[in-house]
Amino acid sequence: MIRGYDEVDPDQGFATRTSSGSGPLTGKTAIVGVCGGIAAYKVPEVIRGLMKHGLRVYVIMTRAATRFITPLTFRTVSRNPVFVRMFEEPKLWDVEHIALAERADLFLVVPATADIIGKVASGIADDYLSTTIMACGAPVIFAPAMNSRMWENPIVQANVSRLEDLGYRFIGPERGELACGTEGTGRLASPEVIVDYCVGLLSKVLRDSPAESDFEGVRILVTAGPTREYIDPVRFISNASSGKTGYEIAKAARRRGAQVVLISGPTALRPPEGVEFIGIKTADEMFSRVMEHFPEAHVVIKTAAVVDFTPENPRPSKVKKGDPPESWSVVKLKKTPDILASLGAMKGDRILVGFAAETENVIENALRKVVDKNLDFVVANDVSTPGLGFGSDQNAVSLVYRDQTVETLPVMAKRDLADVILDRVKRLLESRNYDRPE
Ligand SMILES: Cc1cc2nc3c(=O)[nH]c(=O)nc-3n(C[C@H](O)[C@H](O)[C@H](O)COP(=O)(O)O)c2cc1C
């Protein structure tokens, strides 16, 4: 019996409790969906963290989750009834699955199993949790945790991509030691990271919801992905840039009303809807296409990882193993055009944002680059951090401004980083009372 915690006898019905903390999110509601994974034991800490920010929390558990942790634990921590079975008597007169979905300002699924990810991606609604997710219009965040082979399984990855394309968000998983005794990617993001992410996202959603067309009339040129510098017709020098950040920026800018041109090197991504897409391969091609579109742009965001060196004398036909060593043993390189510096020199009133992917002295290099290349700010990115940066869906970056100030951002999904970068661009446009070029 938990009388004294809840104000009425749980067998007779529940009085709902609000949060234990206060803050700008006080009175907002988070639904926390708990699935059947070992990491379920970490969820009470996540709930406490959300409640400290003023959120009211309702927990929905899958039946598998109740094998790992009891509903009583969540009832006690959240101070609200816990929902498991869809067809039992409602615990609150106005709370059945649809009403719960409608109450949500945020929906967090933690730990998210391969099973729930697959179900939602396939439109299956066969229990309380999957049905409520399906009926929910609020942002839904999955915090997955599973064995690394499960996480890397192409079916799981395809489900994750599908959900991301549909606007669902993911935080983690991280790399580290897993419950099954192995090491790999599949570990639940830490409770603090999950809470910070949820609070940041909800604050942003609440702040931004009235102004979704804040880039109406602005023309943005985004570059993304790697380039390929050919040694012969089939071999090239390149890098591991996935293009994700640039594509997310292009998508977000489009969503916020901008006219977007995306110039991209080869990636595995689908060009975003509503964006003028130009595919290129080499740094030279990137240079000429950027120069073509630069004059009409108000804002240029250069996320592309253009390869700095290219073979001086690319071979006209494929070099064969049996060819004499002088035709393959030395590849002499020359510098590719410095696109960012060229744009900086002819920038005018435009906003120019560069990216710096470094493995050492990240901030020092960015502080220099922002001045040397005449940029407004540089997104500085330490690509040596495992699990972040190139290829990952998340990143932790610092924004380095012209006045040599540095804004360090927490780990966040590239999708959210895109909006933060656009927010900063907007601030610059506003602060300079920008006269847009005709
Ligand atoms: C001991 C144990 C640990 C498990 N841990 C996980 C896990 O971390 N992640 C996961 O996706 N599935 C895990 N599973 C498998 C899920 O419990 C199983 O797929 C279940 O059907 C998930 O149901 P749900 O998504 O409705 O909660 C585990 C199973 C067992 C027996």
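This model, with +1 at the C-beta of Lys and Arg and -1 at the C-beta of Asp and Glu, gives the chain a dipole about its Cα centre of some 440 debye.
Amide H contacts for E174 (H built 1.01 Å from N in the peptide plane; partners 5 or more residues away or on another chain; cut-off under 5 Å): G186, R187, L188, A189.
Can you tell me, using C-alpha contacts under 8 Å and at least 6 residues apart, the relative contact order of the range 29-208 as a whole percent?
Working: 336 pairs, mean separation 40.6, N = 180.
23 percent.
Using only Cα atoms, figure out Rg for the range 243-344 and give it as a multiple of 2.2 N^0.38 Å.
Rg over 2.2 N^0.38 Å, computed on Cα atoms: 1.34.
Sparsely packed loop sites in the range 239-343 (the GluC sites (Glu not before Pro) outside DSSP H, G, I, E and B with at most 16 other Cβ atoms within 10 Å) comprise E273, E296, E312. Between the listed residues L106, V193, F309, the Cα displaced farthest toward the positive end of the dipole of the chain, a dipole computed from Cβ unit charges relative to the Cα centre, is found at F309.
For the range 186-195, backbone phi angles converted through the Karplus equation (6.51, -1.76, 1.60; θ = phi - 60°) give residue-by-residue couplings of x, 7, 4, 4, 5, x, 5, 5, 5, 4 Hz, Gly and Pro being listed as x. Which cross-chain or sequence-distant (5 or more) residues have an amide H under 5 Å from the amide H of D232, H modelled 1.01 Å from N in plane? The list, which skips near neighbours in sequence, is R315. Give K281/K369; K302/K426; K204/K369; K281/K426; K251/K414; K335/K373 a once-over and call out the pairs whose C-alpha atoms are over 21 Å from each other. Over 21 Å apart, Cα to Cα: K281/K369; K204/K369; K281/K426. The orientation-averaged projected area of the convex hull spanned by the Cα atoms of the chain comes to 24.5 nm². Extending 7 Å from the Cα toward the beta-carbon at both K335 and S317 defines two label points whose distance is 3.5 nm.
Phi-derived couplings, Karplus 6.51 cos²θ - 1.76 cosθ + 1.60 at θ = phi - 60°, listed residue by residue for the range 119-133: 5, 5, 4, 9, x, 8, 10, 10, 8, 4, 5, 5, 5, 5, 4 Hz, with x used for Gly and Pro. Scalar couplings 3J(HN,Hα) for the range 294-301, obtained by applying the Karplus form with A = 6.51, B = -1.76, C = 1.60 to θ = phi - 60°, are 4, x, 8, 7, 8, 9, 10, 10 Hz; x denotes Gly and Pro.
Comparing P325, P316, P410 in a Gaussian network model of the chain, where Cα atoms under 10 Å apart are tied by springs, the biggest mean-square fluctuation is seen for P325. Database remark: amide H of A258 closer than 5 angstrom to the amide H of F215 (H placed geometrically; neighbours at sequence offset of 5 or more, or on other chains; Pro and chain starts carry no H).
Could you work out [θ]222 nm for the chain from helices alone, using -39500 (n - 2.57) per DSSP H run of at least four and dividing by all its residues? Round to the nearest 500 deg cm²/dmol.
Values: 13 runs with 134 residues, N = 438.
The per-residue figure over the chain is -9000 deg cm²/dmol.
Separation of the range 250-290 and the range 134-213, taken as the distance between their Cα centroids, equals 26 angstrom.
Hey, how much of the P(r) for the range 29-208 falls beyond 26 Å, as a percent of Cα pairs? Percent of Cα pairs beyond 26 Å in the range 29-208: 22.
Could you grab the relative contact order for the range 151-266? Cα pairs under 8 Å, six or more apart, rounded to a whole percent. Mind dumping the intermediate values first?
Numbers: 134 pairs, mean separation 25.0, N = 116.
Reported relative contact order: 22 percent.
Where a number appears in this text, it was derived from the coordinates with a stated rule and is not lab data. Quick caveat: nothing in here was measured; it's all calculated off a predicted structure. All Cβ positions, glycine included, derive from the backbone under ideal geometry; neighbour counts span all protein chains shown.
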